[in-house]
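Working notes for the structure below.
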Amino acid sequence: MNGVRAARWAIRAGAFALAMGVAGCGPKPLPEAGGAAELLYAGRCGQCHRPYNPRTLTAAMWDLQVDAMQIKIAQAGQAPLSEAERHTIIDYLERNAGHD
């Protein structure tokens, strides 16, 4: 099962990297700038990398990505997202996600 899980994670990470490359080079302002959800997203996700614009992925893709990042958060020695933080971040990303 670990091999299957690793393969799924690799596919998701590759899709995410591809989406980020297609999204453009320069950073663009995040939606809802200064709002509580944007600040939480930028603060938590920006600890290890720049926070990506939510429009770069669909809502479904963000849900998978946030779950996959929980592993990376643990590997980086960071505190895991609380259920409330995860809910707020997912809601923010889904509200501002790109469309298929």
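Laboratory data are not the source of any read-out in this text; all were calculated from the coordinates shown. Just so it is clear, the model here is predicted, and its values are computed rather than measured. Counting neighbours? That spans all protein chains shown, and the Cβs are built from the backbone with ideal geometry, glycine included.
Phi angles of region 51-56 translate, via the Karplus equation with coefficients 6.51, -1.76, 1.60 and θ = phi - 60°, into HN-Hα couplings of x, 6, 5, x, 5, 6 Hz per residue; Gly and Pro are given as x.
Gain on full extension, evaluated as 0.36 nm per residue between Lys28 and Ala60 minus their Cα-Cα distance, stands at 9.3 nm. Going 7 Å from the Cα of Ala76 in the Cα-to-Cβ direction, what parts of region 45-65 have a backbone nitrogen less than 12 Å from that spot? Correct set: 45-52.
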